[in-house]
1. Report, in degrees rounded to the nearest 10, the 0 to 90 angle that the Cα long axis of helix B:463-473 makes with the longest principal axis of chain B.
2. Separation of segment A:11-85 and segment B:168-215 by C-alpha centroid, Å?
3. Quick one: order B:Lys391, B:Lys327 by neighbouring beta-carbon count within 10 Å, fewest to most.
4. Given Cβ point charges of +1 (Lys, Arg) and -1 (Asp, Glu) and nothing else, what value in debye, to the nearest 20, does the dipole of segment B:1-109 about its Cα centre take?
5. Could you sort B:337-346, B:43-52 so that the peptide with the highest average Cβ count within 10 Å comes first and the rest follow in order?
6. Please check which bits of segment B:157-193 a label hung off B:Glu99 would reach, taking the label as a point 7 Å along Cα-to-C-beta and the cut-off as backbone N under 17 Å.
7. Hey, how many Å between the Cα centroid of segment B:56-83 and the Cα centroid of segment B:425-470?
8. What FRET efficiency do you get for B:Ser640 and B:Lys551 if R0 is 41 Å and r is their Cβ-Cβ distance, rounded to the nearest 0.05?
Amino acid sequence: GKTYNVHIVYLGEKQHDDPDLITDSHHDLLAKIVGSKEKASELMVYSYRHGFSGFAAKLTESQAQKIAELPGVVRVMPNSLHRLQ
Amino acid sequence: TTRSWDYLSLSPQTPSNLLHKSNNGDGVIIGIFDTGIWPESKSFTENGLGPVPSRWKGVCEPGESFDPTKHCNRKLVGARWFVNGFLAEYGLPLNASGETEYLSPRDANGHGMHTASTAAGSFVGNVSYRGLARGTARGGAASARVAVYKVCWNVLGGQCASADILKAFDEAIHDGVDVLSLSIGFWIPLYSDVDERDGIATGSFHAVTRGITVVCGAGNDGPSAQTVQNTAPWILTVAASTMDRAFVTSITLGNNKTLVGEAMFTRREIGLTGLLYPESHGLDPTASGVCQALQLNRTKVAGKVVLCFTSMTRRVAVTSATAAVRKAGGVGLIVAKHPNSALYPCPGDFPCVEVDYEAGTKILYYIRSTRFPLVKLSSSKTVIGRPVSAKVAYFSARGPNSIEPAILKPDIAAPGVNILAATSPLDPFADSGYVMHSGTSMATPHISGIVALLKALHPAWSPAAIKSALVTTAWRNGRSGSLIFAEGSPQKQADIFDYGGGIVNPNAAADPGLVFDMETADYIHYLCAMHYNNSAISRLTGNITNCPVQKLSVLDVNLPSITIPSIGSTSITVTRTVTNVGPPNSTYRPIIEPPSGIVVSVNPEVLVFNSTVKKVSFKVTVATTHQMNTGYMFGSLIWSDKVHFVRIPLSVRTEMFQPYGDE
């Protein structure tokens, strides 16, 4: 339960056009689950903020489940690998 | 690319083709998601290019052995790298598997160089691969600009994390690319279109709804059915074909009979020498002659050419047989196997010639018929033009689409076999910075380059309009009018599940007459028809979406194809809408080529366009005369104004009762 893996928290189309505000909102959302903005910054891998809204973060399975239940979260998915063709 | 663009009728010497009309794609920016770039390559010089388009907002990011001020230019306008998602899973160092890698946009693998230079590389003359395929290497849109997004890392052959791919989509949308080229795939079974684990489906949705065409490979899991990847309807999915070029090697037997095989063997010929098939004398007389399990006696093999047979299509049978023959002192190898045009040289340029079972059996009977069998192996020669005909590649993944067979995939085919293009100097197969590779990875940037040319010519066309233009005008017959075949066992006439609309015909796509356009509403129609829930669709699209209570049919998604996976005793009617992109005053009439045993009617039977009527809808009603379950039957519906022939593939499968594992 303590193993951290990268998860993609997908929030869909972005709600406004200021990328910095979008990233702030991502940190706020993550902080609700991990306890602080500092911890959220530490665990954040990417903030998706131009083409759509969401973020990738290192989460435990239970954190991923909790964040999936927050309003506005479309889906939380584990990171996965693709291959060259 | 020393031949592929000429094969596609995009020669710079031809004055009125798409290449000239589009000024080689000047002003268009192609984003490449791949293993990065080797910026010193001649294929990325900026000579002759004007300033970087002012709308470009991308950047060149520094990193290991990559200095933006030195390495980016008017050709390579952007270079970013995304590794955090991969590192979080894999950890440091990246070169733990023994491969070189750079934490920067620099390409150690070579795959990204190959795809980028195929799509948009500059003209580089007198390129060859060990003397084969000599010509001018170039990209399809040689004046287009390249933005590299390194998302794949040189670990275990090239791995890419979905978190990194999604970030690259996010930035590329912001940067202002016009086309995205992804020679990246997944594994079967596929994730759904709204599952972010398939970062490509989600990221490409947002790109396409902003007017960016996303071109992806179909995958290399062919020739089995239902293996095609990247199947979302907003993606342009590319199958791989061969072209009118072959690398042939003569095999002259001691009885003066000559057979022809395929190889990349460029050393001096092997003069008349002993020929051996390792016969065994137990209960299984062929056991010793299996390529991947050769049992060789050095005293018998030294100085001889060995014949072996394999049912494996993967390269490993050839490489392991080569190693065994070399170790036993042999001087050459003839491998009888299922035909597969994708070739590589054998280690040390050891002569290893591939033939089919028929030729292999003839050689075996010759060996068995004489006491001292002899053979001569000539070095390989490049043959181009007629009579070499294009085929769908053995490895190219096939439809039907395993997520939703009504959405035809792949969409289109392009050359992807034995493609000579730029590579990283660290590529073990490299020859002076260029290499021959095969895969749907190589077909994909051919389409990306063509899309860039179309974008330059028709900047207002949507991704769906571009896809439609490509699909409805594609070649379904070879350049000489002959049928196109699909490699496999046995080889067969190609159908839409092999090549979608057909092999791409860029000049015809520039003037398709009509297009089947789609916008976000059409993709929502698809998502509703697929039963994705309202909240997921709303978040994906950014607007509140309530799918209608009355069920939408996926058959009515406005694709340039009609695929009906299940028809019973009741007829089915589907609707399509076409947009006139040709002369304003045009009248189109249908030409119906119905699938066998299928009755097809169209209403209305005339489509009339004028300066105010640009879009017209029509209905196609399909009924079956079959009384039992069948496989897919293939036909076409063509709308023509006698100048344009807008062909949409039609495929129908009859199911009179619940199917059980039919493809």
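Read the figures in this text as sums done on the coordinates, not as results from a lab. None of these values were measured; they are calculated from a predicted model. Neighbour counts run over all protein chains shown; Cβ positions are idealised from the backbone, glycine included.
1. The angle comes out near 60 degrees.
2. For segment A:11-85 versus segment B:168-215, the Cα centre distance is 18 Å.
3. B:Lys327, B:Lys391
4. That gives segment B:1-109 a dipole magnitude of about 560 debye.
5. Averaged packing, sorted descending, gives the order B:337-346, B:43-52.
6. Answer for this model: B:157-162, B:164-165, B:183-187.
7. 21 Å
8. That gives a FRET efficiency of 0.75.
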